[in-house]
Amino acid sequence: MRRPARRLLLAGAVALLAVLVLLQLRHERAQQPGPLLALDPAAITRITVQVSGGPLRRFVRRDGAWWMLAPQQGRADPAHLANLAAIAAAPVARWLPAGGFDPRKLGLDPPAATLTLDGTRLAFGTLDALQPLRYIEVDGRVALVPDRFAPFLSMAPQLELAAPARTASR
């Protein structure tokens, strides 16, 4: 075989391989479960957090600002509340089949923490044994979600207040 013919054959093989890789990536993207909730984090106006053994923390957004209503009152740290609201858009690694789990074994009965975003309750369980994924129950379904949100759930209430207003009340 001549050199130009070999080069043309090699270029064709590389192009075919590139097309196959792109098709595989497109297929994998189509199979991804999507975000945890169908809520837009920027549109959330009510958040409650309850960590086992801790006080119920309630927040509301009014006139573009976040306010803590309980256990203290005052203007809340907007960055922290944005992190809590972002949990709605957390990427789901996979959903467990309905009824295919024991809530106690997943740390969901009782949950370690609950987060309510505009009326939708999320129960946080334990970590998966093999991956850094946390079990989260929502509407009777259980998702495995990357565990990067746990620190936002367990903050001390006084640290959730906006810096200049930490001692002020509303």
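Structural remarks
- Selection count, the range 59-71, where residues are surrounded by 17 or more Cβ atoms within 10 Å (Cβ to Cβ), in contact with a Leu (Cβ under 9 Å, 6 or more places away or on another chain) and over 14 Å from PHE152 (Cα atoms): 3
- With respect to (1) over 30 Å from ALA129 (Cβ atoms); (2) at pLDDT 95 or above, the lone exception for ALA89 is condition (1).
- Only listed residue being at pLDDT 90 or above and either surrounded by fewer than 18 Cβ atoms within 10 Å (Cβ to Cβ) or of a type in the set (S, T, N, Q) (or both), chosen from ALA143, ALA165, ALA156: ALA156
- In this structure, LEU115 does satisfy being touching a residue at least 60 places away in the same chain (Cβ under 8 Å), among the aliphatic types (A, V, I, L, M), assigned by TED's automatic domain parsing to the domain that holds ARG57 and surrounded by 13 or more Cβ atoms within 10 Å (Cβ to Cβ).
- Flag for GLY99 being exposed (fewer than 12 other Cβ atoms within 10 Å of the Cβ), touching a residue at least 12 places away in the same chain (Cβ under 8 Å) and more than 18 Å from MET155 (Cα to Cα): no
- Test result for PRO91, exposed (fewer than 13 other Cβ atoms within 10 Å of the Cβ), within 14 Å of the chain's Cα centre (by Cα) and assigned by TED's automatic domain parsing to the domain that holds ALA65: yes
The values are calculated or read from the model by the stated rules, or taken from the named source; none is laboratory data. In this text, all values refer to a predicted model and were calculated from it rather than measured experimentally. Counting neighbours? That spans all protein chains shown, and the Cβs are built from the backbone with ideal geometry, glycine included.
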